[in-house]
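In what follows, a single structure is set out as structure tokens and then discussed.
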Amino acid sequence: MKKRLYGLRGATGAENTQASMQQHVAEMCKSLFTENKLQSEDIVSIHFTLTKDLTAVNPCAALRKSDIDIDVSKCALFASQEVDIENAPTQMIRVLITAYLPENATIHHCYIHGAEKLRPDFAKKN
């Protein structure tokens, strides 16, 4: 099967606690992994950004400690602070997963817990 490189995007809101950040990072990533049928070996890298008001835990560490049914121990993980833009939403964690998927894959992004306002076109419709 022929594969190509894709960028999978997501975002979640979270409270500035280790528990909230770990829970929401795990939920967002598990959704992205499951809905896009990702395997550990498909993932090239995972890059998180977070707003400056979220300081309780590094989202990379939160993901590593989460029970998400996929081994991320060999994935390149990176986190940085989101660009501080006037009137931008606060308490947001964003992710960009770079991964190989089948050439004609339908990509599913994940915007949850208040992040739906960032990309309403990608937010799940209930």
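The values are calculated or read from the model by the stated rules, or taken from the named source; none is laboratory data. As the structure is a prediction and not an experimental result, all values here were calculated from the model. We place every Cβ from the backbone using ideal geometry, glycine too, and count neighbours over all the protein chains shown. Note: accessible area is taken over every heavy atom of the protein model, side chains too, but ligands, DNA and RNA are not part of it. Shrake-Rupley method; radii C 1.70, N 1.55, O 1.52, S 1.80 Å.
Using a probe of 1.4 angstrom and keeping all protein chains present, the accessible surface of the chain works out to 57 square angstrom per residue. For the pair Arg4 and Val83 in one chain, pulling the backbone fully straight at 0.36 nm per residue adds 25.5 nm over the alpha carbon distance. Note on the chain: GNM, Cα springs under 10 Å; of Pro59, Pro102, Pro89, the largest mean-square fluctuation is that of Pro102.
Here's the picture: a label point sits 7 Å out from the Cα of Thr90 along the beta-carbon direction, and within segment 1-31 the residues with their amide nitrogen under 18 Å of it are 12-18, 20-21. Between Glu15 and Asn104, the contour length at 0.36 nm per residue exceeds the alpha carbon distance by 28.4 nm. Once semi-axes √(5λ) of the Cα gyration tensor in Å is calculated for the structure shown, the corresponding label among (i) 23, 17, 13; (ii) 28, 18, 11; (iii) 36, 15, 15 turns out to be (i). Against the chain, whose longest principal axis is taken from its Cα atoms, helix 18-35 shows a tilt of about 30°. So, in Å, what gap is there between the alpha-carbon centers of segment 26-42 and segment 44-79? Their Cα centres are 13 Å away from one another.
Each residue of segment 64-76 was assigned a 3J(HN,Hα) from its phi angle through the Karplus expression (A = 6.51, B = -1.76, C = 1.60, θ = phi - 60°), giving 4, 7, 8, 9, 10, 6, 8, 7, 9, 5, 9, 7, 6 Hz with x at Gly and Pro.
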